[in-house]
Amino acid sequence: MGLYDRDYTRADYNSKFHYAPQMRMGFPKITPVVKWLLIINVAVYLVSIIIPPFGRFAYRWFPLDATSVPRVLQLWRLVTYQFLHDPNFIWHIFFNMLGLFFLGPTLERYWGSRRFLPFYLGCGVAGALFYMLLVLVGFLPAGEMVGASGAILGMLAACAILFPQFVVIILFFPVPIRVAAVAFTAIYIVTLITKGANAGGDAAHLAGMAAGAAYVYSKSWRTKFNLRVRTGRWQRKMARQRELQFELDRILQKVHEQGIHSLTAKEKRILQKATEAERMKNKL
């Protein structure tokens, strides 16, 4: 899967969300988090093949496993399964890493590394949880799952919403990214409903895409929520400062009228802290 933009998209493009970066034919400039995700995924895959004992250990303790309650409760598997891939099917890791390589840098530059990594892992976790839910209700048989596909499809959904001018290369054919997203969604739904050979994986794909889309569409809500949280913190801080200033004024009045020896231990501590804070403020 590759990305480029057509001639008519090379002019400045403004999406309803934010300015959409432009992409040219060629390889994207790698970004820090994407680089390390690629290194870890490929390293785990190769080391598991080259050193069989490591492979047996990794594929015993780190894939998503819905076959027993104790393993379901091993919550680290929700993340670690994303770094394992089928060692007998090289295309599994190849296409996932290709998608990460082409889609990841754009989103990481757009959001920043600190937001991109939780988004990436969160899409994978959403895929895992949805699969386990379908196992819990008896719709799918219990089994193990590995792969970063849920996270990769989450990125695809996010890019389809944010950057509709993007074109992906699928089997050497250019396809508009939104067309690709809709087509993949339809295929996964059909496979899941008919309980196809990879129904569990496709459930994770769908949930990853849903998580990616939800993250993008919830931006305005999250912005308002964060603003309310910051406003609430500021108001509480101002209230504490007013209370402290009121108490400090009372203590100073008491010192003026009765002398410093009349202060209780608590009042002396408050006065000392206020003096130290004022001294630090003057140094700044």
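Quick notes on this one:
- Scanning the range 73-109 for residues that are in contact (Cβ under 8 Å) with a residue 40 or more places away in the chain, assigned to a helix (DSSP H, G or I), surrounded by fewer than 19 Cβ atoms within 10 Å (Cβ to Cβ) and not hydrophobic (A, V, I, L, M, F, W, C) yields one hit, Arg109.
- Residue match in the range 27-44 (condition: exposed (fewer than 13 other Cβ atoms within 10 Å of the Cβ), modelled with pLDDT under 95 and not hydroxyl-bearing (Ser, Thr, Tyr)): yes
- Residue in the range 179-190 that is in the same structural domain as Trp91 (by TED's automatic domain parsing), buried (at least 23 other Cβ atoms within 10 Å of the Cβ) and out of contact with any Leu (no Cβ under 8 Å at 6 or more places or on another chain) present: no
- Filtered residues of the range 147-177 (kept if aliphatic (A, V, I, L, M) and more than 18 Å from the chain's Cα centre (by Cα)): Val167, Val168, Ile169, Ile170, Leu171, Val175, Ile177
- Here Ala277 does not fit the description of being of a type in the set (Gly, Ala, Ser) and touching a helix residue (DSSP H, G or I) at 6+ places or on another chain (Cβ under 6 Å).
- Yes/no for His205 being surrounded by 18 or more Cβ atoms within 10 Å (Cβ to Cβ) and either out of contact with any Cys (no Cβ under 8 Å at 6 or more places or on another chain) or assigned to a helix (DSSP H, G or I) (or both): yes
The values are calculated or read from the model by the stated rules, or taken from the named source; none is laboratory data. Source: prediction; values computed, not measured. Glycine also receives a Cβ, built like all others from the backbone with ideal geometry; neighbour counts cover every protein chain displayed.
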